[in-house]
There are 4 protein chains.
Amino acid sequence: MHIGILTGGGDCPGLNAVIRAVTLALIKQCGAHVTGIRRGFLGLLDRQLLPLDEAVVGGILAQGGTILGTHNRCDPFHYFAEGGADVSARLIAYVQELGLDALVVIGGDGSMAIADKLSRLGLPIVGVPKTIDNDLCLTDRSFGFDSAVSIVAEALDRLETTARSHGRVMIAETMGRYAGWIALEGGIAGAADVILIPELPYSVAAVAEVCRRREQEGAGHTLICIAEGAHPRNESMVVSQTLVDSPDPLRLGGVGAALAHQLQSRLNSEVRSTMLGHVQRGGSPTAFDRILATQFGWAAAQLIKDARFGRMVVLQGSEMRDVALAEVAGRNRLVPLNHPLLLTAQGLGLCLGQ
Amino acid sequence: MHIGILTGGGDCPGLNAVIRAVTLALIKQCGAHVTGIRRGFLGLLDRQLLPLDEAVVGGILAQGGTILGTHNRCDPFHYFAEGGADVSARLIAYVQELGLDALVVIGGDGSMAIADKLSRLGLPIVGVPKTIDNDLCLTDRSFGFDSAVSIVAEALDRLETTARSHGRVMIAETMGRYAGWIALEGGIAGAADVILIPELPYSVAAVAEVCRRREQEGAGHTLICIAEGAHPRNESMVVSQTLVDSPDPLRLGGVGAALAHQLQSRLNSEVRSTMLGHVQRGGSPTAFDRILATQFGWAAAQLIKDARFGRMVVLQGSEMRDVALAEVAGRNRLVPLNHPLLLTAQGLGLCLGQ
Amino acid sequence: MHIGILTGGGDCPGLNAVIRAVTLALIKQCGAHVTGIRRGFLGLLDRQLLPLDEAVVGGILAQGGTILGTHNRCDPFHYFAEGGADVSARLIAYVQELGLDALVVIGGDGSMAIADKLSRLGLPIVGVPKTIDNDLCLTDRSFGFDSAVSIVAEALDRLETTARSHGRVMIAETMGRYAGWIALEGGIAGAADVILIPELPYSVAAVAEVCRRREQEGAGHTLICIAEGAHPRNESMVVSQTLVDSPDPLRLGGVGAALAHQLQSRLNSEVRSTMLGHVQRGGSPTAFDRILATQFGWAAAQLIKDARFGRMVVLQGSEMRDVALAEVAGRNRLVPLNHPLLLTAQGLGLCLGQ
Amino acid sequence: MHIGILTGGGDCPGLNAVIRAVTLALIKQCGAHVTGIRRGFLGLLDRQLLPLDEAVVGGILAQGGTILGTHNRCDPFHYFAEGGADVSARLIAYVQELGLDALVVIGGDGSMAIADKLSRLGLPIVGVPKTIDNDLCLTDRSFGFDSAVSIVAEALDRLETTARSHGRVMIAETMGRYAGWIALEGGIAGAADVILIPELPYSVAAVAEVCRRREQEGAGHTLICIAEGAHPRNESMVVSQTLVDSPDPLRLGGVGAALAHQLQSRLNSEVRSTMLGHVQRGGSPTAFDRILATQFGWAAAQLIKDARFGRMVVLQGSEMRDVALAEVAGRNRLVPLNHPLLLTAQGLGLCLGQ
């Protein structure tokens, strides 16, 4: 039995924990031979491999990123390096040449869409969901998300001391272009006073009002957590989308900087913004993510052992299950407006921009 | 509406997050007046109170411990300060004197047993589960546990560098007198090679064999994570319980030190043990625990709002629910021997002492 | 004996440790009465005080920011709230009214310049140097700097995993408008491949060449640490200063983003930039900074005890000494081009932009 | 030019940073060929090598431990594996066979004593001081110490929340068998109320008195930081030394547990002790230690470049200098009883056991 593994899309804490668990499980349970594919699907086109065994995966559980490397633009059905040509046949031929009995694809919705297409063309594929934003369908959580939320919370802890010392409004801009999960959980964990997410267009006036009330009532400072995809209510979604895709000068500094600009003109307090940026997705995973990634890797190995291909492992409630790749591909999971955490935040008096 | 809150039993990261959420939710939703009771049930006997409002709970979310203080020997039905007398009537009278409409009790199985008895005597009580060990019945997780697991994983990360540099066997002893959750999750997250929990009596010979094989096969070092309640297979449970309750000199240094002693005589490598101790339960909660504690606090406030007394909030799967206090009181949740995490650990080749 | 303490300028980890040490030392050694002045010199104008005693300072050592609050625009010789009027006489009168025997001013070069002027007008003042940037004259180190360097190093650790996984150029922009200490030490500690500081104008071509060489030679990724005041060699200092003071659109995202833009056009690899921003100055101080701040506070109390006013405590080598306020006021300490750390960085093959 | 490097004695955060800096400096400056010796002096006897180049040392700066491995019992003048024989001639012959032009020895006083003897026998050796305890002569600091102090301070932060919540006396036992540097700096940074070090024999009664006063005066809890080599005043040094070398049952749990036992009988509050153990010396070094270790490595390479053998690099004040190996070998640097930090601690009202 010879199994290939690749990691696609943006990097994420926990990828190495999945690689380790899949590899160890397949070796221990099935005596499998395991080969890593370098740089996502690209490695199946330019033939870059990394053989995996116990020694190679021995010390990687706690390491950030992926020892296999990744690539976030390689779609074999529209290959960027060959003018958008469909080179999937070449990829499949190489998989057969390698003698792979199955391929484990660890990736986000883009990678799962490719995996689904390859699966329909006959490749035995098992998917593992990877999304720092926690916005993949049908899985309650994915690894990397807890790490990102932790970093946001720690950053808010730090910003709070400055906010309090200066009586300032401090804004932290988090990842989350379409879904607000990171800002929502990070904001709650970091004791933000205002949380702004893409799913709930906000009113600048309402946010300013909260800051002003806090200025007057003694707290004196306000902590705002805004997702990069959040947008003011009066901007239509279309305009907002344009801004996201081709930011104008005012947005160059990010939506946090834009909000700071808008709030500053309405407030006496100083307003400062920090875009947390790429530190949210790098570094060693939290213990939670290491365990979850290990469970995902183990579950993926079980699907392979049972020859249940075309499926992706998911966490539902506290159980590991699996769903068809087709069900996941190309779909996003936004924060539902009646989500318990949203209701909790509102009930505790946090401002959600309304 | 006037609500009291107390924290009982050992301290735990996230207690302040619960206190904050209960207080804010009751003030915002019900316009309630909220009073903290100091030092657990003791404060209802020696009349120590701390009035709670938005200002008091404003900055406590990230703080470890409990601003109310706690006490882990005060049972009003067997009051230690009065020769074991039942002073529950005095406690109830004081609650009535204070005009409390309800009492929120944040505590472990001991506190829930007391809360259940008081509830049967007519006190309107709502419980919030607190257990660093994650061993309370009917709730999948409680706050503090993720923080403890994180600290164990970080300690194992540190010990691993020493183990690897010296080719040593390094042992970390974690909390968990009856249940092995912390050692199990902490050990998986910290890449332990051997995990020993109370639920699975271990064989010293089997553990030594793993260390010896690793000595010879090149890894050269072994990382062991052992719960304080783990015991060798040949000791009967009775003997073991005696050891736990009145430790003999050999156990004075803890079960980790005892295991080190036993392994050292069987191995060439140096064996060293570290008892992680109280650092596992102190300090700022992880982001995960801050969110979970906030949700518990919010859910407890909803029970009060709806006058659903005699119940404790729980997390089941990913949902907040509630159960009768009587169902929880005095029961422990051990690691089931078919738990998915145990199977995962075994499947990845970790030694569980067998 | 009645002593006042204030914190001026931007906040900085360790301010509370100084406040605590000054307060405890004066109480224990001199039986002094200690009063905190709120919000820097502003509190001596709008009469906001916070009495300090052992209980108040008991738990603040590890807290970020300043419990006294601070203000970074209040100069009593040019009072912003009264059209730039000189209100120093009013301030001095209030100090006399309060019966202060001395005033401890914890602040940066701006605060020391004010302290020096007030000192010449007869106020008994002792200064404690505060500069996150480590650029105050005559002191080798100040508290807060080690904390900032730690945060930069940790951020680079995180960014490295993304850089390595994607084969990217990752840029971290640090604080340091005039002096490059944070970028230099943070960059060395975080294993940056390129470090760009204000003292050494850089060549974009040279930096691109380093990235390109690394692309080809196998490392595949490059980590760049750039101080916010760093500027390309071909820009004259005048132009650069203008950019710093009134940033054009290209600089809105910071010098890191501008460099990313310039490098991207010269490279195949993706280039990404993160501005670390305010998280560098918030949060709990490192152990090193807690100790240094405690020593500064203790030394300031000794100056007061010995009635040696008009002086600021400094660290020179490993000794606490003191210098005249006038020697420090308004002067910056840049990284000398022959500084051992610069030579070390160059000697290890790091690119400094040349 | 062919240079060997080895690491001896106990592991310590920053060893890899030294290895990296020595290697890079020698390659970049001298075009040297660099070979790592595995497991300290042992590797020069059983011929275990690890060739070092830029790729090997590329990612190790932030890693704890030593990639070369270490051994803390191998003395070629009394070789444990051959009945204490002097095998130094064999070691020197192997060094010549390898064609090493010089050897860099990173180690503590034991390793420096060996290095000094080998140097007198003609081996061109350069030493780099390694001591987690900060007790090597003639250098103000060594790498690893700041990391250990940070871990102690963080542990005290955690223990404080439990102490405060329960009104307990919490004891943390740190490393430091002969010198109290870690307990002193860690205790100050972690806001300990009592610091006990080997240099100052303590009075149990005095410590109990401090705890009792705090019980009564409202703080209610006490934080004690004790070095493993601290001993009560009434024990003679001889007895104490015996206890350190062959601990009786009462000391099996460590001096912290012994102190807890003694205090408990004198106090109402609960007393708890935690031995921090090996976590103090493992894991990634602090930014400070990474920089210091890098500077040491660079300085060692300069000594080699300049053929200045038989010397060890040291930090004096803020300058890198070097001293003769003979001056360092076998000597310890204790905390002088008039050290500024001791005076500061006393002046702030901390109890030092008197």
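Note down all Cβ pairs under 6 Å where the first residue falls in the range B:267-289 and is facing another protein chain (nearest Cβ under 7 Å) and in contact (Cβ under 8 Å) with a residue 12 or more places away in the chain, the second is among the aliphatic types (A, V, I, L, M) and surrounded by fewer than 24 Cβ atoms within 10 Å (Cβ to Cβ), and they're at least six residues apart or on different chains.
As it stands, the answer is none, since no pair meets every condition given.
In the set C:Ala206, C:Ala192, which member is at pLDDT 95 or above, in a loop (DSSP other than H, G, I, E, B) and either more than 14 Å from chain A (Cβ to nearest Cβ) or buried (at least 24 other Cβ atoms within 10 Å of the Cβ) (or both)?
C:Ala192
Is it fair to say D:Gly122 is surrounded by fewer than 22 Cβ atoms within 10 Å (Cβ to Cβ) and either away from chain B (no Cβ under 14 Å) or within 21 Å of D:Leu15 (Cα to Cα) (or both)?
Yes, satisfied.
Test D:Arg308 against the criterion of being surrounded by fewer than 20 Cβ atoms within 10 Å (Cβ to Cβ), over 22 Å from the mean Cα position of the chain (by Cα) and either at pLDDT 95 or above or of a type in the set (Ser, Thr, Tyr) (or both), and give yes or no.
Yes.
Find the residue count for the range A:91-118, including only residues that are of a type in the set (Ser, Thr, Tyr) and either crowded, with 24+ Cβ neighbours inside 10 Å or under 18 Å from A:Met175 (Cα atoms) (or both).
Residues flagged as of a type in the set (Ser, Thr, Tyr) and either crowded, with 24+ Cβ neighbours inside 10 Å or under 18 Å from A:Met175 (Cα atoms) (or both) within the range A:91-118 amount to 1.
Inside the range A:1-38, can you point out the residues that are in a loop (DSSP other than H, G, I, E, B), among the charged types (D, E, K, R) and surrounded by fewer than 24 Cβ atoms within 10 Å (Cβ to Cβ)?
Answer for the range A:1-38, where residues must be in a loop (DSSP other than H, G, I, E, B), among the charged types (D, E, K, R) and surrounded by fewer than 24 Cβ atoms within 10 Å (Cβ to Cβ): just A:Arg38.
Go through the range C:167-189 and report how many residues are of a type outside the set (S, T, N, Q), buried (at least 24 other Cβ atoms within 10 Å of the Cβ) and within 14 Å of chain A (Cβ to nearest Cβ).
Of the residues in the range C:167-189, 7 are of a type outside the set (S, T, N, Q), buried (at least 24 other Cβ atoms within 10 Å of the Cβ) and within 14 Å of chain A (Cβ to nearest Cβ).
Identify the single condition in (1) surrounded by 23 or more Cβ atoms within 10 Å (Cβ to Cβ); (2) free of Cβ contacts under 8 Å to residues at least 40 places away in the same chain that A:Gly297 does not satisfy, given that it satisfies every other one.
Condition not satisfied by A:Gly297: (2).
Please determine whether any residue of the range C:182-190 is farther than 18 Å from C:Arg214 by Cα, within 18 Å of the chain's Cα centre (by Cα), outside the structural domain of C:Ala301 (by TED's automatic domain parsing) and of a type in the set (D, E, K, R).
yes
B:Arg47: assigned to a loop (DSSP other than H, G, I, E, B) and without any contact (Cβ under 8 Å) to a residue 40 or more places away in the chain, yes or no?
Considered against the rule, which asks whether it is assigned to a loop (DSSP other than H, G, I, E, B) and without any contact (Cβ under 8 Å) to a residue 40 or more places away in the chain, B:Arg47 comes out as no.
Here is a list of conditions, (1) on the phi > 0 side of the Ramachandran plot; (2) touching a Phe, Trp or Tyr at 6+ places or on another chain (Cβ under 9 Å), and B:Gly144 meets all of them except one; can you say which number that is?
Only one criterion in (1) on the phi > 0 side of the Ramachandran plot; (2) touching a Phe, Trp or Tyr at 6+ places or on another chain (Cβ under 9 Å) is unmet by B:Gly144, namely (2).
Exactly one of (1) surrounded by fewer than 23 Cβ atoms within 10 Å (Cβ to Cβ); (2) assigned to a strand (DSSP E or B) is unmet by C:Cys225. Its number?
(1)
Return yes or no: is D:Val56 without any contact (Cβ under 8 Å) to a residue 60 or more places away in the chain, in contact with a Ser or Thr (Cβ under 7 Å, 6 or more places away or on another chain) and either assigned by TED's automatic domain parsing to the domain that holds D:Met312 or assigned to a helix (DSSP H, G or I) (or both)?
It is false that D:Val56 is without any contact (Cβ under 8 Å) to a residue 60 or more places away in the chain, in contact with a Ser or Thr (Cβ under 7 Å, 6 or more places away or on another chain) and either assigned by TED's automatic domain parsing to the domain that holds D:Met312 or assigned to a helix (DSSP H, G or I) (or both).
Among the listed residues C:Ala257, C:Ala300, which satisfies the condition of being farther than 30 Å from D:Gln29 by Cβ and away from every other protein chain (no Cβ under 11 Å)?
Values: C:Ala257 fails: away from every other protein chain (no Cβ under 11 Å).
That would be C:Ala300, the only listed residue that is farther than 30 Å from D:Gln29 by Cβ and away from every other protein chain (no Cβ under 11 Å).
State whether one or more residues within the range D:320-327 are at pLDDT 95 or above, at positive phi and surrounded by fewer than 16 Cβ atoms within 10 Å (Cβ to Cβ).
The answer is no, given that none of the residues of the range D:320-327 is at pLDDT 95 or above, at positive phi and surrounded by fewer than 16 Cβ atoms within 10 Å (Cβ to Cβ).
Considering the range B:61-84 alone, what residues qualify as being buried (at least 19 other Cβ atoms within 10 Å of the Cβ) and of a type in the set (A, V, I, L, M, F, W, C)?
If the condition is that a residue be buried (at least 19 other Cβ atoms within 10 Å of the Cβ) and of a type in the set (A, V, I, L, M, F, W, C), then B:Leu61, B:Ala62, B:Ile67, B:Leu68, B:Cys74 are the ones that fit.
For the range B:277-354, give me every one of the helices (runs of 4 or more DSSP H) that falls completely inside it and has 2 or more residues that are under 30 Å from A:Ala155 (Cβ atoms). Show your work before the answer.
Values: elements: B:287-305, B:325-328, B:340-347.
So the answer is B:287-305.
Is it the case that the range A:74-92 has a residue that's over 23 Å from C:Gly220 (Cβ atoms), assigned to a helix (DSSP H, G or I), charged (D, E, K, R) and free of Cβ contacts under 8 Å to residues at least 40 places away in the same chain?
no
Taking into account only those residues within the range B:39-49 that are surrounded by fewer than 17 Cβ atoms within 10 Å (Cβ to Cβ) and not basic (Lys, Arg), which is farthest from the other protein chains (Cβ to nearest Cβ)?
That would be B:Leu49.
When the residues of the range D:336-354 are filtered to those that are more than 14 Å from chain C (Cβ to nearest Cβ) and out of contact with any Leu (no Cβ under 6 Å at 6 or more places or on another chain), which remaining residue is modelled with the lowest pLDDT?
D:Gln354
Failed condition for A:Gln216, given (1) at pLDDT 95 or above; (2) out of contact with any helix residue (DSSP H, G or I) (no Cβ under 8 Å at 6 or more places or on another chain); (3) surrounded by fewer than 21 Cβ atoms within 10 Å (Cβ to Cβ); (4) under 26 Å from A:Asp157 (Cα atoms), with all others met?
Going through (1) at pLDDT 95 or above; (2) out of contact with any helix residue (DSSP H, G or I) (no Cβ under 8 Å at 6 or more places or on another chain); (3) surrounded by fewer than 21 Cβ atoms within 10 Å (Cβ to Cβ); (4) under 26 Å from A:Asp157 (Cα atoms) one by one, A:Gln216 breaks only (1).
For C:Leu61, which of the numbered conditions (1) within 12 Å of chain A (Cβ to nearest Cβ); (2) modelled with pLDDT of 95 or more; (3) part of a loop (DSSP other than H, G, I, E, B) fails to hold?
Result: C:Leu61 fails condition (1) only.
Would you be able to tell me the number of residues in the range A:303-322 that are of a type in the set (Gly, Ala, Ser), out of contact with any Leu (no Cβ under 6 Å at 6 or more places or on another chain) and away from chain B (no Cβ under 12 Å)?
Final tally of qualifying residues: 1.
Residues that are farther than 21 Å from D:Phe288 by Cα and at pLDDT 95 or above, at least 3 per element: which strands (runs of 3 or more DSSP E) completely within the range D:100-187 meet that?
Per the criteria, D:102-107, D:169-174.
In the list B:Arg39, B:Arg20, which residue meets the criterion of being touching a residue at least 60 places away in the same chain (Cβ under 8 Å) and charged (D, E, K, R)?
The match here is B:Arg20.
The values are calculated or read from the model by the stated rules, or taken from the named source; none is laboratory data. If you're wondering where the values come from, they're calculated on a predicted model, not measured in any experiment. Using ideal geometry, Cβ is built from the backbone for each residue, glycine included, and neighbour counts are taken over all protein chains shown.
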